[in-house]
Number of protein chains: 2
Amino acid sequence: LARRLVDLEAQVILVDNLFPGGGGNHFNIAGIESKVQFENIDVRDTPRVAPLIEKCDFLFNLAGQTSHHFAMADPQTDVSVNCCAQLSILETCRHHNPSIKVVFSSTRQVYGVPQYLPVDEQHPLSPADINGINKAAGESYHMIYHNLYGVRACILRLTNTYGPRMRVKDARQNFLGIWLRRLIEGSPIDVFGDGRQARDLNHVNDVVNALLLAAVREESGGQIFNLGASDPIELRDLATLLIEINGGGEFRVVPFPAERKAIDIGSYCGNYGLIRDRLDWVPQSCLEEGLEGTLKFYREHYRHYW
Amino acid sequence: LARRLVDLEAQVILVDNLFPGGGGNHFNIAGIESKVQFENIDVRDTPRVAPLIEKCDFLFNLAGQTSHHFAMADPQTDVSVNCCAQLSILETCRHHNPSIKVVFSSTRQVYGVPQYLPVDEQHPLSPADINGINKAAGESYHMIYHNLYGVRACILRLTNTYGPRMRVKDARQNFLGIWLRRLIEGSPIDVFGDGRQARDLNHVNDVVNALLLAAVREESGGQIFNLGASDPIELRDLATLLIEINGGGEFRVVPFPAERKAIDIGSYCGNYGLIRDRLDWVPQSCLEEGLEGTLKFYREHYRHYW
């Protein structure tokens, strides 16, 4: 997103606490360092965050605790980032920059175990873990501030995002991260359960397109949109595809670790008809090419990622 | 609840921070002081709350910030009480008293503006204010701890509760509070909007019955139940009834204050068929008699309440 914004000649302020468990990585801004203002700030540090928000036309509100597993182990940190900090951000917008446009990145996890597929935005919210509950609360805060105080906000419910510059040292951000690392390291991929769980994957370029559309299109205000892909894939097929693209490797189907099984949602794919119809967003990346480019990126740059 | 529990010869620990904006009042335990253990503790003070929870067979988790209006003015306090403290309580149960039974008092406010009446538990959750969002999160935490960790929990979604010992000095806990005070003081009742909003009122004795059933009945675990009344009443009719019972007084229909209009939900009444079928709960108080007894109580004891 920052790279695209720099291309578009936007003035960009990046806020990241560089928490070791997160996705922040200085290498991710290699080549654009001089064109962005980087602030090593925790989003919960309101006195330092607020003055930055006051200056902006757009806020891409992407900061969050994203690990479902971590949220179960440390629910207070999850609520502080995904609830308390969100309220502080919105209060700052309301009182000091009411004309800002906010794009909030949420997650398919707010739906919990799908009652039907593909999941549309009308699907009941029944989060299966603490992270999903807190992200759902974060969404609702944005809608309240939009509806009551006129702080224009749009919510995107992301599904599995992948591509260059994601965290791949472990499974903390996304199962695909650790798969990519293992493939490159030559160790086997673990597929949990029976491997028949479907997932829809969005390349980061498509997600960036959605973020930009959500920011600049007036009709996105007060809306909640699913992202999604037209070609959901079962995990064992994804593993097979990755091995094929990689030209080698292996996967093994192993039982779920108990603590992951407890919060697993089974198969998921999102219906993205609403954002397609309203904002003309269609995912353009081909999964095979996207994975190929991503593997190539990490094969070249892995030293910066693990 | 404490009085009933004392009658039942339970060992009762009361935890209340006696926050001036809350409902805590020493007079409310007049006559049972020696039979209960009162702890002046804020529910967010985990080091002091946890040792108490560890000793109990049942936790009536009633502590909360209940004012919708206050939550809008100070969302951080609302989230700290209604989210963070709830997680601490549940973590304590999980790790130190996993066989406890928890009854969590939630609110009809989690539904937001009703899409149909009477509202059943399947109605979508779309809270219209910060308090509703945070109470919905609090509910979900309880369900997660029940489902994943076996901490038995039951959720009651209360509607308007009234009766002796409620806060009546202002409208902070319930609009009916300030109405009772004004009637007794001889000043007019304000009815907002057109006064045609319906509400269902539960006498505190009926709510206590529901709390006890939720606590002791095994089949309540993991369940969410609406409370409600069979005789919802429009606010102007309620005002008329109260004046009749009081033998005097007047009401005036006035426009909503803007900040209240923004979070008003219109008419509401809850379908309580599920708790009736599962736990045999039926509200037994007659509204007229309930209001009469309540007015009588405050006419006698108002010095302790404002």
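The values are calculated or read from the model by the stated rules, or taken from the named source; none is laboratory data. Because the structure is a prediction, the values reported are computed rather than measured. Counting neighbours? That spans all protein chains shown, and the Cβs are built from the backbone with ideal geometry, glycine included. For accessibility, only protein heavy atoms count, side chains too; no ligands or nucleic acids. Shrake-Rupley method; radii C 1.70, N 1.55, O 1.52, S 1.80 Å.
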Breaking point among (1) more than 14 Å from chain B (Cβ to nearest Cβ); (2) outside any strand (DSSP E or B); (3) basic (Lys, Arg), for A:LYS135: (1)
Residues satisfying the stated conditions in the range A:204-225, i.e. open to solvent by less than 20 Å² (accessible area, probe 1.4 Å) and within 23 Å of A:GLU289 (Cα to Cα): A:ASP206, A:VAL207, A:VAL208, A:ALA210, A:LEU211
Selected residue (only one of B:GLN115, B:GLN122 is facing another protein chain (nearest Cβ under 9 Å) and surrounded by fewer than 23 Cβ atoms within 10 Å (Cβ to Cβ)): B:GLN122
Subset tally (residues that are out of contact with any helix residue (DSSP H, G or I) (no Cβ under 7 Å at 6 or more places or on another chain) and open to solvent by 100 Å² or more (accessible area, probe 1.4 Å)) for the range B:281-306: 4
Residue that is more than 30 Å from B:PRO51 (Cβ to Cβ), out of contact with any Phe, Trp or Tyr (no Cβ under 7 Å at 6 or more places or on another chain), surrounded by fewer than 24 Cβ atoms within 10 Å (Cβ to Cβ) and more than 10 Å from chain A (Cβ to nearest Cβ), where the choices are B:HIS95, B:HIS69, B:HIS146: B:HIS69
Where B:GLY163 falls short, out of the listed (1) more than 10 Å from every other protein chain (Cβ to nearest Cβ); (2) at negative phi; (3) surrounded by fewer than 24 Cβ atoms within 10 Å (Cβ to Cβ): (2)
Failed item in (1) surrounded by 24 or more Cβ atoms within 10 Å (Cβ to Cβ); (2) over 14 Å from B:VAL79 (Cα atoms); (3) acidic (Asp, Glu), with A:ASP74 passing the rest: (1)
Pairs where the first residue, in the range A:281-292, is at negative phi and the second is open to solvent by 90 Å² or more (accessible area, probe 1.4 Å), C-beta under 6 Å, 6+ apart: A:VAL282/A:ARG276
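Quick check on B:SER140: is it within 13 Å of chain A (Cβ to nearest Cβ), in a loop (DSSP other than H, G, I, E, B) and among the small types (Gly, Ala, Ser)? Please lay out each step first, then the result.
Details: within 13 Å of chain A (Cβ to nearest Cβ): yes; in a loop (DSSP other than H, G, I, E, B): no; among the small types (Gly, Ala, Ser): yes.
Taking the combined requirement at face value, the residue does not satisfy it.
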Close pairs from the range B:44-72: first free of Cβ contacts under 8 Å to residues at least 24 places away in the same chain, partner part of a loop (DSSP other than H, G, I, E, B), Cβ under 7 Å, at least 6 apart: B:ARG48/B:ILE41
